[in-house]
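Novice: Please find one structure pasted underneath; my questions will follow.
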Amino acid sequence: MRWDNLRLDSSGPDGGFAAPPLIERGAVVRTFDTPGFHGMTFYEIQAKSIVSRVPEASRMPFRYTINPYRGCQHACKYCFARNSHTYLDLDSGRDFDSKVVVKVNAPELLRAKLASPGWDGEHIAMGTNVDCYQRAEGRYRLMRPIISALTDAGNPFSILTKGTLILRDLDLLLAADEVTDVGLNVSAGFVDKSLWRAIEPGTPDPERRLEACATLTDSGLRCGVLMGPIVPFLSDSPAQLEAAVRQIAASGAAHVMPIVLHLRPGAREWYLRWLREAHPDLVPRYAELYGRGSYARKDYLARIHAQVTELAERHGVGRSSNPRRGNRGHAGRRAAAPAVSATPPVPRVPPVHEQLTLL
């Protein structure tokens, strides 16, 4: 392990620049010599708060989130959270992939929040901005005490992840499921390995993610699959959709939620840069499908939704799900707000207009 408390090297995709603001805020800057963290820089900070309220304008189906990390080693070309790195005077491209902020006091802040008089036990969603089970979690281990705090308070929560590291915390998730509502989803938009290596280079193999879903389900937990992103012209053929839904059904997923690729500011520029290099012939088709907006045309969204709905019915998504029934919640607490992972098994695919609110 090497310590560096001075400044960062310039390594952004456009020449980059040093980022003193984080250091000025008291961040400890670390790099690690282990191969899994090659080229990564971690900023350990003492955050002022950890439970964030989601703006109503965002149309999210939950009101509170926890994000113990900012930036993500998954390095997904399309990640919609990329633009948030610009608020830290870092860029939304390579900096987002390689410079991760770690809120090392997250568990302590959460316990204080859950015990505060003004907190009434609302649902908290995790993994909705960057993945809380990215590789850094293997070293910092923030999720175990976070889950323990939520369990001790009987506070409902959900987790969305592309990381198989969630299985490390299976014991805690099972304990939490005895006292509160626990919603789990893994994210796997396709099973094409060449596409996975190209646009999700830091994530586990999609098949391993679905195996994680199967393990969670076999243990008695209710786990669904966010089938996202479905990538226009690269993972949306009938054969590709069927291969993905077939494996999702085999995982025992409680439900499937199709999400077509979003191209929000920050992610749009980074993804289209990759598209111009890897598939220049598709650039005009993307321009026609997305225009200047973040979402694909409504007719395309409706078509994909209909295809996945039919495939989910054909392959029996949700039929093998057998969640345990524990004691849910504490008396006197207000009912939890709808969550990403709280989609009921019927219908097994949410209506197309709801897809736009999930991420």
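Novice: Can you name every residue in the range 291-305 that is open to solvent by 60 Å² or more (accessible area, probe 1.4 Å), part of a helix (DSSP H, G or I) and in contact with a helix residue (DSSP H, G or I) (Cβ under 9 Å, 6 or more places away or on another chain)? Outline the logic, then answer.
Specialist: First, the residues of the range 291-305 that are open to solvent by 60 Å² or more (accessible area, probe 1.4 Å): 292, 295, 297-299, 303.
Checking the rest, the ones that are also part of a helix (DSSP H, G or I) come to 298-299, 303.
Matches in the range 291-305: K298 only.
Novice: Go through the range 27-44 and count every residue that is polar (S, T, N, Q), crowded, with 16+ Cβ neighbours inside 10 Å and assigned to a loop (DSSP other than H, G, I, E, B).
Specialist: Selection size over the range 27-44: 0.
Novice: Still on this structure: Just checking, how many residues over the range 90-104 are closer than 18 Å to R144 by Cβ and either open to solvent by 20 Å² or more (accessible area, probe 1.4 Å) or assigned to a helix (DSSP H, G or I) (or both)?
Specialist: Pass one, the range 90-104, residues closer than 18 Å to R144 by Cβ: 102-104.
Next cut, either open to solvent by 20 Å² or more (accessible area, probe 1.4 Å) or assigned to a helix (DSSP H, G or I) (or both) only: 103-104.
Total meeting the criteria: 2.
Novice: Looking at E288, E313, which one is out of contact with any helix residue (DSSP H, G or I) (no Cβ under 9 Å at 6 or more places or on another chain) and under 30 Å from L216 (Cβ atoms)? Lay out the reasoning, then the answer.
Specialist: On the way: E288 fails: under 30 Å from L216 (Cβ atoms).
One residue alone meets the criteria, E313.
Novice: Considering each of A47, A112 in turn, give the residue that is at pLDDT 80 or above and open to solvent by less than 30 Å² (accessible area, probe 1.4 Å). Don't jump to the end; show me each part of the working.
Specialist: Details: A112 fails: open to solvent by less than 30 Å² (accessible area, probe 1.4 Å).
None of the others qualify; the one that does is A47.
Novice: Going residue by residue through the range 101-123, is there one that turns out to be free of Cβ contacts under 8 Å to residues at least 12 places away in the same chain and farther than 30 Å from V182 by Cβ?
Specialist: No - not one qualifying residue is present in the range 101-123.
The values are calculated or read from the model by the stated rules, or taken from the named source; none is laboratory data. A quick note: this is a predicted structure, and the numbers were derived from the prediction, not measured. For neighbour counting, all protein chains shown are included, and Cβ atoms are generated from backbone atoms with ideal geometry for every residue, glycine included. Heavy atoms of the whole protein, side chains included, go into the accessibility calculation; ligands, DNA and RNA do not. Shrake-Rupley method; radii C 1.70, N 1.55, O 1.52, S 1.80 Å.
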